[in-house]
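A short write-up of the structure that comes next.
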Amino acid sequence: MTEEQDLSLLETLDHLLDRGVVIAGEAVISIGDVDLLYLGLNIVLANMDAVIRTGRK
Amino acid sequence: MKSVVIGAHLRRDDVEPLAAALRCGDLWLSGVDVADDQPLGDRELLLRVANIRAQLLERATFVAIRYGFAVHGAAEAEAKCAEHVARWRRVLEANRDNVEMTLKVAASEPRPRPDRRDFAGGADYLRALHGAAQAADVDPRFREAVSSIGTHRWTHRDGRSLECALLVARADVAQVREKGEQLKRDFHEVPFLLSGPWPLEVFVD
């Protein structure tokens, strides 16, 4: 994966996750006090970091 | 089965067959069907949705809905989006031939991120985070050069960067990219990233 592809992918994900209309009360899937969506996204981003590190080696 | 909603579109054939079309008043929502027990944070799903989103934009401009909004059927979607439909239609009709582009730029003097441990309460900490972000700025000459490209909105992302959303005619995307290249030549000391086209994300409100 090239640095340009890394940037493109990260930028795409940033727009998907951090832009656009928020429908009130629906942006987060929660059970109890745990926001499952954001918990999941943290895992995604952690994996993405690993992908990028691997790609740059 | 649930549908992860991607955006709101003027026409059904803007959506199908790339995604499921859910009627919402006189608009159509694009949805990606996923099993109820599939976490929305699943990496493969996220990438699949991002890919479909990009293909939808090639068809026609749409109002982007932030990832995470999922519904069980068109009736639920319509009930939850009803209050927005008239405004979305106006925005879509006015911007049928427009897309957004984004320029992210590093702050000229990055502000240190407040340390949570320095604050007794969460509210004070959030205020400090907001203050640090708002204090970030860029070279005024660079800001002026970017702003001169066209219709734009600046936002502070955090203490280290700002972002400028540009509303651009589809036909002018290449021209804006060329202006980005010119900015790199004129302001080689300013790190920035110009990206797009994107659906309507910032200029919906």
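The values are calculated or read from the model by the stated rules, or taken from the named source; none is laboratory data. Quantities reported herein were computed from a predicted structural model and do not represent experimental measurements. Using ideal geometry, Cβ is built from the backbone for each residue, glycine included, and neighbour counts are taken over all protein chains shown. Remember, those area values only see protein heavy atoms, side chains included, never the ligands or the DNA or RNA. Shrake-Rupley method; radii C 1.70, N 1.55, O 1.52, S 1.80 Å.
Tell me yes or no: at least one residue of the range B:121-133 is buried (at least 16 other Cβ atoms within 10 Å of the Cβ) and in contact with a strand residue (DSSP E or B) (Cβ under 7 Å, 6 or more places away or on another chain).
Yes, the conditions are met somewhere in the range B:121-133.
Kindly provide the set of residues from the range B:1-20 that are open to solvent by less than 20 Å² (accessible area, probe 1.4 Å) and in a strand (DSSP E or B), ordered by number.
B:SER3, B:VAL4, B:VAL5, B:ILE6, B:GLY7, B:ALA8, B:HIS9
The conditions are (1) touching a Lys or Arg at 6+ places or on another chain (Cβ under 7 Å); (2) within 14 Å of chain A (Cβ to nearest Cβ), and B:ILE149 fails exactly one of them. Which is it?
(2)
Testing B:ARG48 on (1) within 16 Å of B:ARG12 (Cα to Cα); (2) open to solvent by 60 Å² or more (accessible area, probe 1.4 Å); (3) in contact (Cβ under 8 Å) with a residue 12 or more places away in the chain, one condition comes back false. Which one is that?
(1)
If B:LEU92 satisfies all but one of (1) more than 30 Å from B:ALA8 (Cα to Cα); (2) of a type in the set (A, V, I, L, M); (3) in contact (Cβ under 8 Å) with a residue 12 or more places away in the chain, what's the number of the condition it fails?
Here B:LEU92 clears every test but (1).
Checking B:GLY41 against (1) modelled with pLDDT under 95; (2) surrounded by fewer than 16 Cβ atoms within 10 Å (Cβ to Cβ); (3) within 14 Å of another protein chain (Cβ to nearest Cβ), which single condition isn't satisfied?
(2)
Would you mind telling me which numbered condition in (1) within 13 Å of chain A (Cβ to nearest Cβ); (2) surrounded by 22 or more Cβ atoms within 10 Å (Cβ to Cβ); (3) in contact with a strand residue (DSSP E or B) (Cβ under 6 Å, 6 or more places away or on another chain) B:TRP28 fails?
(1)
Yes/no matrix, rows are residues, columns are (1) under 21 Å from B:PRO197 (Cα atoms); (2) assigned to a strand (DSSP E or B):
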| site | (1), (2) |
| --- | --- |
| B:LEU29 | yes, yes |
| B:VAL32 | no, yes |
| B:LEU40 | no, no |
| B:LEU46 | yes, no |
| B:ARG53 | yes, no |
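Can you pull out the residues in the range B:57-78 that are within 12 Å of chain A (Cβ to nearest Cβ), hydrophobic (A, V, I, L, M, F, W, C) and either surrounded by fewer than 22 Cβ atoms within 10 Å (Cβ to Cβ) or not in a loop (DSSP other than H, G, I, E, B) (or both)?
The answer is B:LEU57, B:VAL63, B:ALA64, B:ILE65, B:ALA70, B:VAL71, B:ALA77.
Which residue out of B:LEU166, B:LEU92, B:LEU193, B:LEU183 is open to solvent by less than 40 Å² (accessible area, probe 1.4 Å), in contact with a helix residue (DSSP H, G or I) (Cβ under 8 Å, 6 or more places away or on another chain), within 14 Å of chain A (Cβ to nearest Cβ) and closer than 30 Å to B:ARG53 by Cβ? First the steps, then the outcome.
Details: B:LEU92 fails: in contact with a helix residue (DSSP H, G or I) (Cβ under 8 Å, 6 or more places away or on another chain); B:LEU193 fails: open to solvent by less than 40 Å² (accessible area, probe 1.4 Å); B:LEU183 fails: within 14 Å of chain A (Cβ to nearest Cβ).
The unique qualifying residue is B:LEU166.
Whether any residue in the range B:100-118 is surrounded by 16 or more Cβ atoms within 10 Å (Cβ to Cβ), of a type in the set (Gly, Ala, Ser), within 30 Å of B:GLY159 (Cβ to Cβ) and under 24 Å from the mean Cα position of the chain (by Cα) is what I want to check.
Yes, there is a match, as at least one residue in the range B:100-118 is surrounded by 16 or more Cβ atoms within 10 Å (Cβ to Cβ), of a type in the set (Gly, Ala, Ser), within 30 Å of B:GLY159 (Cβ to Cβ) and under 24 Å from the mean Cα position of the chain (by Cα).
Could you tell me whether B:ARG53 is open to solvent by 50 Å² or more (accessible area, probe 1.4 Å) and either within 13 Å of chain A (Cβ to nearest Cβ) or in contact with a helix residue (DSSP H, G or I) (Cβ under 7 Å, 6 or more places away or on another chain) (or both)?
When the stated conditions are applied, B:ARG53 does not pass them.
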